[in-house]
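Colleague: The structure is given below, and queries will be raised subsequently.
A short reminder: the numbers here are calculations on the coordinates, not readings from a lab. Model, not experiment: these values are computed from the prediction. A quick note on method: Cβ atoms are made from the backbone with ideal geometry, for glycine too, and the neighbour counts reach across all protein chains shown.
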Amino acid sequence: MTFSHLITRFHAVLLVLIGSVLTLGGAWFIELVLGVKPCHLCLIGRVPHYIGIPVAALALIANQSSVSLRMGRAMLALLAIVFLVGTGIAAYHSGVEFGIFTGPTDCTGAIEKAADLQDFLKQLQTVKVIRCDEVAMRIFGLSLASWNAVISLGLAVVAAFGATLKKA
């Protein structure tokens, strides 16, 4: 008996849905409870989860309907693509943190020099930049962006595997 005999498309979609909800929940917990503010790239890295959750919810429904079995497989394939994109975004963000890639100018690099002290004080009052090239928090040695890359890749693999299953 192989692993594919034990899991159905429904299980795969459910795993992707739960994984994505927990990932976003964790991000919100870290932001709202622990006070670690997300940078610009962190917010972009959440977008595949915002897209994936409703698609996965619809895929759950489609995989339970005999009329929509083909649609359920297509939605799993779409989820695989969404989370591959998420993996790319998170890997890019990790690369920015490690100094491999140049990040967006609005959250990386040197801060502009003020012309005088008054200008500098005004900048301090009006600008609070959360840097994309600095790791705000590590869990088991990996930055949050790196964890997002690992999780997104795992979700993409599960979704792609689920799309190949014959059992709804």
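Colleague: Please give the net charge around S94, taking every other residue with its beta carbon less than 12 angstrom from that of S94, where Lys and Arg add +1 and Asp and Glu add -1.
Modeller: Details: positive: R138; negative: E97, D133.
With Lys, Arg at +1 and Asp, Glu at -1, the net is -1.
Colleague: Next question. Sort the following peptides by mean Cβ neighbour count (other Cβ atoms within 10 Å, averaged over residues), highest first: 148-155, 48-55.
Modeller: Numbers: 148-155: 21.6, 48-55: 19.4.
Top to bottom by mean Cβ count within 10 Å: 148-155, 48-55.
Colleague: Give me the net charge for the shell around A62: Cβ to Cβ below 10 angstrom, other residues only, Lys and Arg +1, Asp and Glu -1. All intermediate terms of the calculation are to be shown ahead of the outcome.
Modeller: Numbers: positive: R9, R70, R73; negative: none.
It works out to a net charge of +3.
Colleague: Also, I was wondering about something else. Through the Karplus equation 6.51 cos²θ - 1.76 cosθ + 1.60, θ set to phi - 60°, convert the phi angles of segment 79-90 into ³J(HN,Hα) values in whole Hz; use x for Gly and Pro.
Modeller: Per residue, the Karplus-derived 3J(HN,Hα) values read 4, 4, 5, 4, 7, 5, 4, x, 4, x, 4, 5 Hz.
Colleague: Something else about it: Step through the residues of segment 130-144 one at a time and calculate ³J(HN,Hα) from phi using the Karplus curve (6.51 cos²θ - 1.76 cosθ + 1.60, θ = phi - 60°), rounding each to whole Hz and writing x for Gly and Pro.
Modeller: Residue by residue, segment 130-144 yields 8, 6, 7, 9, 10, 6, 7, 7, 10, 10, 6, x, 9, 6, 4 Hz.
Colleague: Still on this structure, I have one more. With 10 angstrom as the radius, rank L14, L24 by how many other C-beta atoms surround their C-beta, starting from the fewest.
Modeller: L24, L14
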